[in-house]
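First the structure, in the form of structure tokens, and then the observations on it.
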Amino acid sequence: MRSIAIIILLAIVAVGIGVALMAIPFGVAKTQVGDHYTESGIGDTGASNIVTSVVVGYRAFDTLGEITILFVAAMGLGAVLAGGRKLGQRRDVEPASLILRTGCRFLFPLLLLFGAYIFIHGHLTPGGGFQGGAVIASAFLLVYLSCPGRRVSKVWSQTTESLGALTFVVLGLVGLTVGGHYYLSSFMPHGVVNELFSAGIIPVIYVAIGLKVGSDLTGIIDGMMEETI
Amino acid sequence: MIIFVSLLVLIMLVAAIAALIFRDLLSAVIASCLVSLLASILFLFLQAPDVAMAEASIGAALITAVFVIAIRRTDRYEE
Amino acid sequence: MSFLQDYVYYIGAFGLVLIGLFIILSRRNLIKVIIGLSILDTGINLFLISVGYISKGTAPIFSKPGLVAEDMVDPVPQALVLTSIVIGVAVLALALALAMRLHKLHGTLDLRKIGELKW
Amino acid sequence: MVSPVLLIVIPLGLAFCVPLIGMVSKRFARFVPVVACLFNLVVSVQLLPAVLSKPIVVDLGGFGAPFSINLFVGPVGILFSLLIALAGFVVSLYALAYIDKGPTTRYHTLYLLLLVGATGVVLTGDVFNLFVFFEILCISSYVLVAYRGDKDGVESAVKYLIQGALGSALLLTGIGLLYGLFGTLNMAHIAVQAGSADPIPLFVAMALIVVGLGVEAAIFPLNAWLPDAHSSAPSSISAILSGIAIEVGLYAVVRMVFTVFGASSMLSFLMFLGVLTLLVGELCAFAQSNIKRMLAYSSIGQIGLIIFAIAIATSGSITGGFFQLVSHTLSKALLFLAAGYMIYRSGSMDISSLEGMGKRMPLTAFAFAVGAFSLVGLPPFAGFPSKLLIIRGALADGGALLALLVGLVLLGTVIEGAYFFRVIQTVFFKKGDGETARCEAPAIALVSMFVLVALIIVIGVYPSLIIGVLNSAASELLVRADYIGRVLG
């Protein structure tokens with residue numbers, strides 16, 4: 001009975017969306033906004049990766065909201081799990097195998113470096129703050145898996161988190177007073193396209209986002225791992 | 001090319017249905033990880049390398065790890 | 001063949017959306033419901049990206065000379081999907097943390113057995 | 001003149017500072033939300049005259065209207081941001097004393113972020129940006145519902161989260177369809193093209209968006225999460241959820257239907273839904289024995305009334321709807337705050353356990369009574385002119401159907417009166433068999449409650465104080481061309 005009702009509901013959704021999709025043919029150019037971005041993105045922001053110029057340039061305010069959401073999730077996860085935690089009850093986990101530990105010792109700095117590379121080159125190559133941050137977090141995940149006793153210092157990760165986000169907010173405020181008097185306007189020189197030091201404030205923001213996302217995701221993993229039963 | 005893409009989509013849908021059917025939550029999570037992974041390959045075909053990277057690193061790797069941790073702390077099998 | 005050419009991505013995306021919705025609506029195990037949410041998110045992301053695709057387009061990155069703006073696919077949906085992936089992670093992590101708390105308080109993840117959770 | 005973007009950015013920056021301040025001293029961290037709300041209050045008041053004469057459009061990033069995100073600060077936006085700042089200020093004062101256990105620094109951070117999300121939703125002029133801020137609002141409220149970490153709280157947070165996440169998934173699908181149809185995300189830019197678009201896909205997109213937003217706005221079939229979530233959250237959070245969060249959801253629905261889609265055919269449907277929501281809410285509230293659940297169901301009823309009034313879509317009725325919204329925010333926040341300490345002292349949420357509270361905590365009980373009377377619509381409180389305006393607006397339009405619906409609305413009000421008077425009678429006129437010693441709420445909580453009491457009475461006696469703002473808000477909703485012209489130039 002229940003599943004019939006669900007299937008009817010899903011059928012309605014499917015038909016509705018299917019009908020709507022007839023009006024949106026696949027693979028056809030149709031947007032004025034997107035065309036404008038690809039055509040004048042380099043001129044406006046100086047980033048050769050147009051997705052980056054949309055994420056941190058044209059629609060940077062969305063990105064500010066987005067890192068806020070990640071911040072809320074990391075904070076909230078701590079708050080939700082904090083209620084049930086008994087300190088000092090951490091289960092003794094067997095140490096990981098020698099191969100994992102040794103491999104991790106080699107891989108950890110490499111992964112950190114790779115993550116940093118991704119978010120520093122966000123305006124030139126695919127990738128950016130979010131992807132780089134995720135790589136950094138996966139480096140820490142590796143450490144958690146291989147060396148069960150190790151923990152990231154709460155104070156440090158929280159400080160990085162807050163400072164990364166504050167950098168973003170404050171850079172925007174600087175744009176309000178210095179540049180074209182718009183919030184988040186790109187007030188730094190754009191430089192030569194396709195060079196590392198180019199694209200105005202975009203690399204700075206992406207580094208801040210990368211550090212922040214990395215510490216947020218690490219915080220999420222840390223919170224989940226620390227919850228002991 | 002289009003045959004290959006269709007095959008990928010087919011495998012992706014099968015993996016999603018597997019995630020629906022499996023009673024073992026760990027297997028279901030691995031199936032949903034496969035869905036994310038295949039989706040990230042499709043993003044690559046759709047000329048979205050940024051998104052493919054994000055989906056592969058966040059959607060496929062990190063979330064699966066978080067799922068696995070959560071399942072280890074709770075029950076592995078669906079009643 | 002041209003049918004596949006036109007619709008295969010849409011079929012994939014809405015297949016995922018519908019399967020995800022079905023899991024959420026029909027399953028009673030909380031972790032299974034959360035798996036459903038993640039599949040639903042993936043489906044919506046795939047749909048958004050396919051909306052922005054242009055046949056024979058190139059990625060919107062001026063990585064080498066010779067690329068022209070007219071051939072590039074729409075960058076906006078890609079930016080939106082980046083945002084939506086991160087939002088998805090945030091919601092899923094939070095949901096899993098709540099699931100862990102719920103399991104600790106009730107000893108089960110079965111939504112039928114948990115008192116007031118009537119749908 | 002200050003830039004309206006500061007209304008969002010400064011509290012956001014302060015919220016990021018809270019954990020840093022919390023590391024130094026937990027006592028200082030408590031005051032950050034108070035400061036942030038005060039800042040927003042001052043800035044909103046300062047912007048008010050300028051906005052009333054001409055809406056301010058703020059370009060973020062400076063790339064011109066459809067290309068970068070813009071904020072639209074019109075009368076509606078400034079009205080909501082004032083309301084959010086006001087309620088946020090009062091509740092954060094209350095929380096200084098009320099929130100004393102658990103991870104308090106996290107509470108204050110998340111509370112502030114919830115308000116930031118709400119402010120962002122009401123000010124933004126971009127569909128996807130609205131979605132992002134909406135998620136900030138929702139995710140922080142999921143956490144805050146579970147803040148106490150008890151069985152009820154976690155259960156209802158899970159329920160809220162799953163339904164909310166489903167809603168946002170539908171919303172995002174709808175936004176994707178809109179982008180596919182129009183190739184833009186700017187509200188005004190969509191509104192220009194919506195008239196000439198193919199009606200069926202447009203309707204699908206609108207249905208998805210309205211259903212997605214309707215989860216948070218608690219429109220009738222989508223509000224299963226609300227009573228649990230509002231009743232098991234800490235009282236300060238219940239006050240914000242009832243007073244701000246649903247209203248912001250409602251704002252989003254109204255903005256989409258009126259400004260973006262210009263869908264007049266949808267309105268009569270919304271009108272019925274509103275009356276249905278009202279009746280369901282009030283009847284369920286009547287059946288409750290748990291005071292917080294009763295208040296939560298009463299919020300559903302009030303939301304129904306507001307939807308009804310706004311969906312009539314005449315200038316008078318929309319003004320009445322906004323008036324009702326203001327008075328509901330103030331009164332419901334007051335009711336939850338007062339009930340919070342009464343529950344805290346009596347140790348139970350059962351209405352019968354509140355017997356004799358009129359003797360034990362007379363000031364709190366008085367505040368509760370003011371809130372209840374205002375909600376029922378007695379003069380001289382704020383609820384009276386608002387209900388009067390709605391009924392006058394509805395009847396001015398004529399029509400037998402509308403008269404019938406007004407009759408149903410009045411019936412709802414009568415039910416509302418019945419259960420509130422039952423509570424008042426229990427609080428004041430029944431002798432409790434337990435203790436009778438005085439145990440008033442802490443001074444800071446009383447101050448916050450009496451700020452609301454004063455506002456309710458002042459607005460009730462001099463409705464003309466805010467009616468000007470409400471009138472221009474109504475015309476902002478009704479005249480789409482004006483909105484479009486301001487944004488696209």
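The values are calculated or read from the model by the stated rules, or taken from the named source; none is laboratory data. What you see is a predicted model; the values in this text were computed from it and never measured. Note that we place each Cβ from the backbone using ideal geometry, even for glycine, and neighbour counts take in every protein chain shown. These accessible areas exclude ligands, DNA and RNA; they are computed on the full protein's heavy atoms, side chains included. Shrake-Rupley method; radii C 1.70, N 1.55, O 1.52, S 1.80 Å.
At a glance:
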quantity	calculated
Number of the exception - C:ARG28 against (1) among the charged types (D, E, K, R); (2) at the interface with another protein chain (Cβ under 7 Å from one of its Cβ atoms); (3) within 14 Å of D:ILE162 (Cα to Cα)	(2)
Which numbered condition D:ALA263 fails, given (1) hydrophobic (A, V, I, L, M, F, W, C); (2) outside any helix (DSSP H, G or I); (3) within 21 Å of D:ASP152 (Cα to Cα)	(3)
Scope the range B:13-43; condition open to solvent by 20 Å² or more (accessible area, probe 1.4 Å) and either of a type in the set (Asp, Glu) or more than 20 Å from C:PHE14 (Cβ to Cβ) (or both); matching residues	B:PHE22, B:ARG23, B:ASP24, B:LEU26, B:SER27, B:ILE30, B:CYS33
Selection from the range C:58-72 of residues that are under 21 Å from B:ALA52 (Cβ atoms) and facing chain A (nearest Cβ under 8 Å)	C:ALA59, C:PRO60, C:ILE61, C:PHE62, C:SER63, C:MET72
Considering residues of the range C:31-57 that are hydroxyl-bearing (Ser, Thr, Tyr) and more than 10 Å from chain A (Cβ to nearest Cβ) only, the residue nearest to D:ILE175 (Cα to Cα)	C:THR42
Residue within the range D:214-229 that is buried (at least 24 other Cβ atoms within 10 Å of the Cβ) and either over 23 Å from the mean Cα position of the chain (by Cα) or within 11 Å of chain A (Cβ to nearest Cβ) (or both) present	no
Helices (runs of 4 or more DSSP H) contained entirely in the range D:1-59, each with at least 2 residues that are touching a helix residue (DSSP H, G or I) at 6+ places or on another chain (Cβ under 8 Å) and at pLDDT 85 or above	D:6-24, D:32-53
Matching residues in the range C:73-108 - criterion: being among the small types (Gly, Ala, Ser) and more than 7 Å from chain A (Cβ to nearest Cβ)	C:SER84, C:GLY88, C:ALA95, C:ALA99, C:GLY107
One residue from D:SER53, D:SER44 being small (Gly, Ala, Ser), open to solvent by less than 50 Å² (accessible area, probe 1.4 Å) and away from chain A (no Cβ under 14 Å)	D:SER44
Which numbered condition D:LYS332 misses (of (1) modelled with pLDDT of 90 or more; (2) outside any helix (DSSP H, G or I))	(2)
Single residue of the range C:5-40 satisfying the filter (charged (D, E, K, R) and part of a helix (DSSP H, G or I)) that is nearest to the chain's Cα centre (by Cα)	C:LYS32
Helices (runs of 4 or more DSSP H) completely within the range D:388-489 that count 1 or more residues being farther than 30 Å from D:SER53 by Cα and more than 25 Å from the chain's Cα centre (by Cα)	D:400-429, D:443-461
Members of the range D:363-386 found to be open to solvent by 40 Å² or more (accessible area, probe 1.4 Å) and in a helix (DSSP H, G or I), listed by number	D:LEU363, D:PHE366, D:PHE373, D:PHE384
Whichever residue in the range D:73-98 is farther than 23 Å from D:ALA339 by Cβ and in contact with an Asp or Glu (Cβ under 9 Å, 6 or more places away or on another chain) and, among such residues, is surrounded by the fewest Cβ atoms within 10 Å (Cβ to Cβ)	D:PRO75
Only one of A:GLY46, A:GLY57 that is modelled with pLDDT under 85, more than 10 Å from chain D (Cβ to nearest Cβ) and crowded, with 22+ Cβ neighbours inside 10 Å	A:GLY46
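Here's the yes/no breakdown for (1) of a type in the set (Phe, Trp, Tyr); (2) not in a loop (DSSP other than H, G, I, E, B):
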{"position": "A:VAL143", "(1), (2)": "no, yes"}
{"position": "A:GLY149", "(1), (2)": "no, no"}
{"position": "A:VAL152", "(1), (2)": "no, no"}
{"position": "A:SER162", "(1), (2)": "no, yes"}
{"position": "A:LEU166", "(1), (2)": "no, yes"}
{"position": "A:VAL169", "(1), (2)": "no, yes"}
{"position": "A:VAL174", "(1), (2)": "no, yes"}
{"position": "A:PHE187", "(1), (2)": "yes, no"}
{"position": "A:VAL193", "(1), (2)": "no, no"}
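To keep it simple, each residue is scored yes or no on (1) within 21 Å of C:LEU18 (Cα to Cα); (2) at pLDDT 90 or above; (3) facing chain A (nearest Cβ under 8 Å); (4) part of a helix (DSSP H, G or I).
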position	(1), (2), (3), (4)
D:PHE133	no, yes, yes, yes
D:ASP152	no, no, no, yes
D:THR173	yes, yes, yes, yes
D:THR184	no, no, yes, no
